[in-house]
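Computed from the coordinates by the stated procedures, all read-outs in this text should not be read as laboratory data. Keep in mind that what you see is a predicted model, and the values were worked out from it rather than measured. For neighbour counting, all protein chains shown are included, and Cβ atoms are generated from backbone atoms with ideal geometry for every residue, glycine included.
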Amino acid sequence: MSGPRVTELLNHLAHRGDVLKSLEEGHSDSREIANKADKSRSSVDRDIRLLKDDGYVKEHVGDYQLTQFGRFALQVYQLAERLAYAEPIGQYLPPEAPFALLKDAEVREASGTLPQRPIDHVAELLREAQVVKIVAPVVYPSITTELVSRLQDGGITVEILMTEDVQNELWTTFPDEMKACMKSSSCTLQRTNYELPFGMVILEDNTLCLGVYDDSMRLLGTITTSSEDAVEWGISTYRKHRKESEEIFYRGGSHNSSKISTR
């Protein structure tokens, strides 16, 4: 019995989810909904009638509103939207990543025409942040420049966990900036000897931005969310890797690593 019902529900969401969304946003005029959903007015009228017949929509004082069941269905539709947006990068998500990662998430894909879009997004997040934890598997000059600028202004506290390759590249490309970072009491640098197959930025311990890479460490996109469960997973994952890392410190013109950090 459940099979046909599931099929009917999915059919409604696939063909009329945009109408549910418009109604919940307060658009009750069929012409307005038709323009927003890029449908004909007759199609919208038919969608509303079918949704009403099956209990997703009710008529109230001459307007149409979602029933509570319709609101539940809309949440499923919006989750399906986020899954669809994440599909190009979904296969490369960390295997332990929670489903909550996609809750209220913003997905930014590094497309062929906009390869810098996810990096620009991270740089924008850093401009407003005050406390940041970063997992850095790759060097991005724009992000490095933004972080150093914020540190020099004294407006940010940063912890960065990086691989040895990233450490060496940073020191070769940005020696003065790295020296300033390591001398700053607001910046802690850690090096791990393990591979980091993903990137991560945790802001104020309430927002997570996950960088997703393919097997050749090409950035595919970012997923940003404030979901409590997703942020908790991000913090736990960061701490696990940090516990197994070494702190990088500055000594006499060189960069070294010393004791295992358990902080």
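For the range 78-171, calculate the relative contact order in percent as a whole number, restricting contacts to Cα pairs under 8 Å that are 6 or more residues apart. Before the final figure, lay out each step's value.
Values: 67 pairs, mean separation 21.7, N = 94.
Relative contact order comes out at 23 percent.
Listed from fewest to most Cβ neighbours within 10 Å, the set THR144, THR157 follows the order THR157, THR144.
Short-range pairs are left out: with C-alpha atoms under 8 Å and at least six residues apart, the relative contact order of the chain is 16 percent. What you get for the chain, charging only the Cβ of Lys and Arg (+1) and of Asp and Glu (-1), is a dipole of about 240 debye around the Cα centre. Expressed as a fraction of 2.2 N^0.38 Å, the value expected for a compact globular protein of N residues, the C-alpha radius of gyration of the range 93-210 is 1.06. Label sites at ARG46 and GLU24, each approximated as a point 7 angstrom past Cα along Cα to Cβ, lie 2.5 nm apart. Positive contributions from Lys and Arg (+1) and negative ones from Asp and Glu (-1), summed over other residues with Cβ under 14 Å from the Cβ of HIS12, come out at +2.
Calculated from DSSP H runs of 4 or more alone, at -39500 (n - 2.57) each and per residue, what is the 222 nm mean residue ellipticity of the chain, nearest 500?
Numbers: 9 runs with 127 residues, N = 263.
It lands at -15500 deg cm²/dmol.
Computed from the mean reciprocal separation of all distinct C-alpha pairs, what Kirkwood hydrodynamic radius does the chain have, in Å? All intermediate terms of the calculation are to be shown ahead of the outcome.
Numbers: mean 1/r = 0.0474 Å⁻¹.
About 21.1 Å, per the Kirkwood formula over Cα pairs.
Fewest neighbouring Cβ atoms within 10 Å first, the residues VAL61, VAL135, VAL166, VAL122 line up as VAL61, VAL166, VAL122, VAL135.
Of the residues GLY70, PRO98, TYR85, the one whose Cα sits farthest towards the positive end of the charge dipole of the range 35-116 is GLY70 (charges of +1 on Lys and Arg Cβ, -1 on Asp and Glu Cβ, taken about the Cα centre).
Whole-percent P(r), the range 1-119, all Cα pairs, 10 Å bins from 0: 12, 36, 28, 19, 5.
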